[in-house]
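The values are calculated or read from the model by the stated rules, or taken from the named source; none is laboratory data. If you're wondering where the values come from, they're calculated on a predicted model, not measured in any experiment. With ideal geometry, Cβ positions are generated from the backbone for all residues, glycine too; neighbour counts draw on all protein chains shown. In case anyone asks, the SASA skips ligands and DNA or RNA and just uses the protein heavy atoms, side chains included. Shrake-Rupley method; radii C 1.70, N 1.55, O 1.52, S 1.80 Å.
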Amino acid sequence: MKLSEHKELKQEILALPPKEKDKLLLRLVGKDKVLTERLHFVLLENEEDLKQRVSALKENIVTVMQGLKTLKNLNAKEVLTQLRKLAKQLNHNYKVTKANYEEVELRLFLVNHTELGFKTGLFSSYRNHEQVLANYFVKYVLMTIRKFKGLHEDLQYDLRDEMNKILTKIYQGNMATVAKQLDLPEQV
């Protein structure tokens, strides 16, 4: 049930005594982990805490990607699995902070540090993981470009080189065909 569909419920909630509203609010917030983290961020954290969050996520990305480089038989399935896990962490961070610039910055950091130097399979498998990775990677970059274009021009200017670096990496690598199929621009 959505509150917007029940205007009389909304008015009754607003008419509740403050003490009862506070109790209900605390119960509702306690049931949603992301909302609890969001409130903690908004009410108790500052710009320095946001920088620490971004720094910790960047360190984690570097650690995971360096760990992939040490694997003897690195393949597309391993890269895709780790890429999805890291993307999930970045999405969670955005839900908590709602920091648009930092979200685009972290997305670019992730795709620029993604290990794409893996061996391709000799035998065809049930699922072509190289193709799945290429599709996921290019779509992730497309979504990042949309978010990038939503930033103020000055902020775009700060991130433009990183964005063009990843586009060049895609078009010079084995993902160029997928990028063309999905209309990924060659430069922003």
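Relative to the longest principal Cα axis of the chain, at what angle does helix 76-97 sit, 0 to 90 degrees, rounded to 10?
For helix 76-97, the angle is close to 30 degrees.
For the chain, which whole percent of the accessible surface, found with a 1.4 angstrom probe, sits on carbon and sulfur atoms?
Numbers: 6800 of 12800 Å².
So the carbon and sulfur contribution to the accessible surface is 53 percent.
With a 1.4 Å probe and every protein chain left in place, tell me how much accessible area V138 has, in Å² to the nearest 10.
The accessible area comes out at roughly 0 Å².
Among L28, L14, L50, which one shows the highest mean-square fluctuation when the chain is modelled as a Gaussian network with alpha-carbon springs under 10 Å?
Among L28, L14, L50, the largest GNM mean-square fluctuation belongs to L14.
Report, in deg cm²/dmol and to the nearest 500, the calculated mean residue ellipticity at 222 nm for the chain, where each DSSP H run with n ≥ 4 adds -39500 (n - 2.57) and the sum is divided by the residue count. Kindly include the intermediate steps, with their values, before the conclusion.
Numbers: 9 runs with 140 residues, N = 188.
Here the helix-only value at 222 nm equals -24500 deg cm²/dmol.
Quote the accessible area belonging to Y136 in square angstrom, nearest 10, computed with a 1.4 Å probe and with ligands, DNA and RNA left uncounted.
Estimated to the nearest 10 Å², Y136 gives 60 Å².
Show me 21-27, 88-94 ranked by packing, highest mean number of other Cβ atoms within 10 Å first.
Working: 21-27: 11.0, 88-94: 15.6.
Put in order of decreasing packing, that is 88-94, 21-27.
Measure nothing but the geometry: give the 0 to 90° angle between the long axis through the Cα atoms of 47-69 and the longest principal axis through the Cα atoms of the chain, rounded to 10°.
The two axes meet at around 30 degrees.
On C-alpha positions alone, give me the angle between the axis of helix 100-113 and the longest principal axis of the chain, in degrees, nearest 10.
Helix 100-113 sits roughly 30 degrees off the main axis of the chain.
So what is the relative contact order for segment 1-116, in percent, with contacts set as C-alpha pairs under 8 Å and at least six apart? Don't skip to the answer; put the middle values down first.
Working: 52 pairs, mean separation 35.3, N = 116.
Over segment 1-116, the number comes to 30 percent.
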